[in-house]
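Chemist: Got a structure here, written out as structure tokens. Questions coming.
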Amino acid sequence: MRTVVRVTERVEETPSTVTLRFPFDPAAAPGQFVMLWVPGDDELPMSLSYTASPSKGVTVKVMGDTSRRIQRIEPGAAVGIRGPFGNSFDLSPRRVLVVGGGSGAAVLAPAAEAATAGGAHLTVALGATRALELLFRDRFRRMGARVEVSTDDGSEGFHGFVTEVATRLLASGPFDVVWTCGPEIMMRKVAEAATARRVPTFCSVERHMKCALGMCDACALGPYHVCTDGPVFPAERLTPLPEFAAFHRDSCGRRVPL
């Protein structure tokens with residue numbers, strides 16, 4: 001059932017991402033997502049970047065026309081929310097390495113906050129194309145996490161990919177678990193590095209979703225539906241899949257090379 005709410009806050013996080021906050025009472029766990037609908041427009045899946053009640057939030061990166069229109073929503077506008085859907089992160093590990101690439105940091109931030117509130121020690125490897133696009137860097141620091149950043153252009157932190165930072169951190173360990181979200185090729189490389197160190201890895205997968213009920217096959221990934229079997233998957237389920245980090249599906253369900 002869809003609930004219509006009013007946006008209470010709009011924050012420009014980076015040049016390409018905007019956070020919308022809204023009142024939404026249903027309980028949500030870090031890692032879950034909602035379907036956000038703009039009246040007269042389309043409905044899109046959005047990971048919750050804020051999960052605590054009563055004010056939830058989504059952080060939107062421009063991916064197409066609808067997400068661009070969602071970014072322009074101002075406080076007071078009405079949107080429809082359906083959910084929350086999917087599974088969530090296990091918050092019990094005590095030594096956590098968080099690896100976020102680009103807008104993938106949005107789903108990792110509430111999990112990191114909940115884990116630190118429960119006494120976990122967090123190390124965060126945060127990557128972006130450039131310094132201005134480092135999402136939630138200061139938010140992670142306010143949690144007390146150790147944060148190391150990388151940028152593709154070298155404008156801040158390590159000059160290169162966040163996978164290289166994660167590999168170095170794994171070597172210095174120890175860690176009980178790795179949580180990661182970002183481009184699939186990034187998550188595959190992180191999972192391979194963690195597996196070599198025998199560290200369990202959980203990937204939050206972002207795929208095109210329509211129904212969020214496992215019925216339309218739009219988010220099919222091998223034998224899984226991301227909306228119902230995920231979006232948080234243990235890496236050992238994903239890395240054997242030929243489609244993971246190689247193909248995604250477009251709005252018509254066709255496989256498109258990544």
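The values are calculated or read from the model by the stated rules, or taken from the named source; none is laboratory data. Because the structure is a prediction, the values reported are computed rather than measured. Cβ placement follows ideal geometry from the backbone for every residue including glycine, while neighbour counts extend to all protein chains displayed.
Chemist: With over 20 Å from Phe233 (Cβ atoms) and at pLDDT 95 or above as the only criterion, which of Gly104, Gly144, Gly100 stands out?
Modeler: Going through Gly104, Gly144, Gly100 in turn, the sole match is Gly144.
Chemist: How many of the residues making up region 174-198 are in contact (Cβ under 8 Å) with a residue 40 or more places away in the chain, more than 19 Å from Phe247 (Cβ to Cβ) and surrounded by fewer than 20 Cβ atoms within 10 Å (Cβ to Cβ)?
Modeler: Counting residues in region 174-198 that are in contact (Cβ under 8 Å) with a residue 40 or more places away in the chain, more than 19 Å from Phe247 (Cβ to Cβ) and surrounded by fewer than 20 Cβ atoms within 10 Å (Cβ to Cβ) gives 3.
Chemist: Here's a follow-up. So which residues in region 93-108 are surrounded by fewer than 24 Cβ atoms within 10 Å (Cβ to Cβ) and under 10 Å from the mean Cα position of the chain (by Cα), if there are any at all?
Modeler: Within region 93-108, Gly102 is the sole residue that qualifies.
Chemist: Inside region 1-46, can you point out the residues that are within 22 Å of Phe233 (Cβ to Cβ) and in contact with an Asp or Glu (Cβ under 7 Å, 6 or more places away or on another chain)?
Modeler: Hit for region 1-46 is Met35, nothing else.
Chemist: Has region 62-73 got any residue that is modelled with pLDDT of 95 or more and either farther than 22 Å from Thr3 by Cα or among the acidic types (Asp, Glu) (or both)?
Modeler: The answer is no; no qualifying residue exists.
Matching residues to (1) hydrophobic (A, V, I, L, M, F, W, C); (2) out of contact with any strand residue (DSSP E or B) (no Cβ under 9 Å at 6 or more places or on another chain); (3) in contact (Cβ under 8 Å) with a residue 60 or more places away in the chain:
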{"position": "Ile81", "(1), (2), (3)": "yes, no, yes"}
{"position": "Asn87", "(1), (2), (3)": "no, no, yes"}
{"position": "Leu91", "(1), (2), (3)": "yes, yes, yes"}
{"position": "Gly100", "(1), (2), (3)": "no, no, yes"}
{"position": "Val107", "(1), (2), (3)": "yes, no, yes"}
{"position": "Gly118", "(1), (2), (3)": "no, yes, no"}
{"position": "Leu122", "(1), (2), (3)": "yes, no, no"}
{"position": "Ala125", "(1), (2), (3)": "yes, no, no"}
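Chemist: Let me ask something else. Within region 211-258, track down each residue that is buried (at least 20 other Cβ atoms within 10 Å of the Cβ) and assigned to a loop (DSSP other than H, G, I, E, B).
Modeler: Within region 211-258, Ala212, Ala218, Cys219, Gly230, Pro231, Phe244 qualify.
Chemist: Something else about it: When the residues of region 130-150 are narrowed to those that are out of contact with any Ser or Thr (no Cβ under 6 Å at 6 or more places or on another chain) and acidic (Asp, Glu), which ends up surrounded by the fewest Cβ atoms within 10 Å (Cβ to Cβ)?
Modeler: Once the filter is applied, the top-ranked residue is Asp138.
Chemist: Can you pull out the strands (runs of 3 or more DSSP E) entirely within region 51-101 that have at least 3 residues that are within 27 Å of Cys203 (Cβ to Cβ) and aliphatic (A, V, I, L, M)?
Modeler: Qualifying strands (runs of 3 or more DSSP E): 95-101.
Yes/no per residue for (1) at pLDDT below 95; (2) β-branched (Val, Ile, Thr); (3) out of contact with any Gly (no Cβ under 7 Å at 6 or more places or on another chain); (4) closer than 23 Å to Met63 by Cβ:
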residue: Phe158; (1), (2), (3), (4): no, no, yes, no
residue: Phe161; (1), (2), (3), (4): no, no, no, yes
residue: Glu164; (1), (2), (3), (4): no, no, yes, no
residue: Ala212; (1), (2), (3), (4): yes, no, no, yes
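Chemist: Considering only region 1-50, how many residues are outside any loop (DSSP other than H, G, I, E, B) and of a type outside the set (S, T, N, Q)?
Modeler: The number of residues fulfilling the criteria is 25.
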